1. Based on the Cα atoms of the range 2-91, what semi-axes does the equivalent ellipsoid have, where each is the square root of 5 times one gyration tensor eigenvalue, given in whole Å with the largest first?
2. Given 10 Å bins starting at zero, what is the percent of C-alpha pairs of the chain in each, up to the one with the largest pair distance?
3. PRE reach from Leu230 (point 7 Å along Cα→Cβ): which of the range 1-29 fall under 11 Å by backbone N?
4. Return the equivalent ellipsoid semi-axes of the range 113-173 as a descending list in whole Å, where each equals the square root of 5 times an eigenvalue of the C-alpha gyration tensor.
5. State the answer as a single residue: which of Thr24, Gln54, Ile119 lies farthest towards the positive end of the charge dipole of the range 5-235, with beta carbon charges of +1 for Lys and Arg and -1 for Asp and Glu, about the Cα centre.
6. What helices in the chain pass both tests, a Cα length along the helix axis of 20 Å or more and a mean Kyte hydropathy of 0.5 or higher, using whole DSSP H runs?
7. How would you order 125-131, 103-109 from highest to lowest mean count of nearby Cβ atoms within 10 Å?
8. Nearest 20 debye, what's the magnitude of the dipole of the range 5-235 about its Cα centre given +1 on Lys and Arg Cβ and -1 on Asp and Glu Cβ?
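None of the figures in this text is laboratory data; all of them are computed from the coordinates on show. Here the structure is a predicted model, which is why all the values come from computation and not from measurement. Counting neighbours? That spans all protein chains shown, and the Cβs are built from the backbone with ideal geometry, glycine included.
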Amino acid sequence: MQIDPRTVAREIPGVLDEVFPQLTPSIVGLFNASAQRCPIRLISPDLLAKSQLQRAMLFELAYTVGESLLKNPTSIDWTYCFRETLQRQRVYFDAKLPEKLELPDQTVAEVVGSNLAKILNNLSRKLGLKVVARPPIPGLEWIGNGYGDFALGRTLIEVKCSAKSFSAADYRQVAIYWLLSYAAAIEGRGEEWEDFILLNPRSGQMVTMNFKEYLSTLSSGRTKVDILQLFLSLVGSRLAR
């Protein structure tokens, strides 16, 4: 049985805790302190309280709306967005389909989705690169293939819509995506991610880091090869023997 890389990072943290034991609350706080603030439209607490959708479903819908607006900035196909959201949520949860989308659900999703599309378009213009939705994440051993949220060239962009700051689980997720990309690059199956962005279109927070800098902070002097070999030993790879 293969497990999605996102699930490994968020529900089996012991694997990466051994590879990156320095990913402590104080280090997470240090990373979060570097966050930039993007101009956004805020959601009022009253509006959010009126939404009856599960929060995971609501903000997945916002993500899908943002993806849709990147393709067509003038209109939103709500039927497509809702169907696509349900399909994606069912990968991780027993998502249930409500009778219909209520106005508060649509309003929240449209605000956050518009924030997301605006930020991504600004980054695209700044870097001179096209936004790629759902970039593939290669699998390894019992870790299956998966998808990231967005990419600009070799910069991975992961979107979170929590009311809180980015968590250790969020940083573990980009770490395992880098590990899988590095293993694939060595084997000639893909390219290694160079940078990452954690983006919250609900709060406007954005943390941007180069993976070299990130790994230097977490690796206790290990080289990239050392990090990969330790990871491979933990996932039981034949390549580590």
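1. Numbers: eigenvalues 182, 82, 40 Å².
After diagonalising the Cα gyration tensor, the semi-axes are 30, 20, 14 Å.
2. The percentages, shortest bin first, are 7, 31, 35, 21, 6, 0.
3. 16-23
4. They are 22, 17, 9 Å, listed from largest to smallest.
5. So the residue furthest toward the plus end is Ile119.
6. Helices meeting the criterion: 55-71, 168-186.
7. 103-109, 125-131
8. Working: 26 positive and 24 negative charges, 107 e Å.
Rounded to the nearest 20 debye, it is 520 debye.
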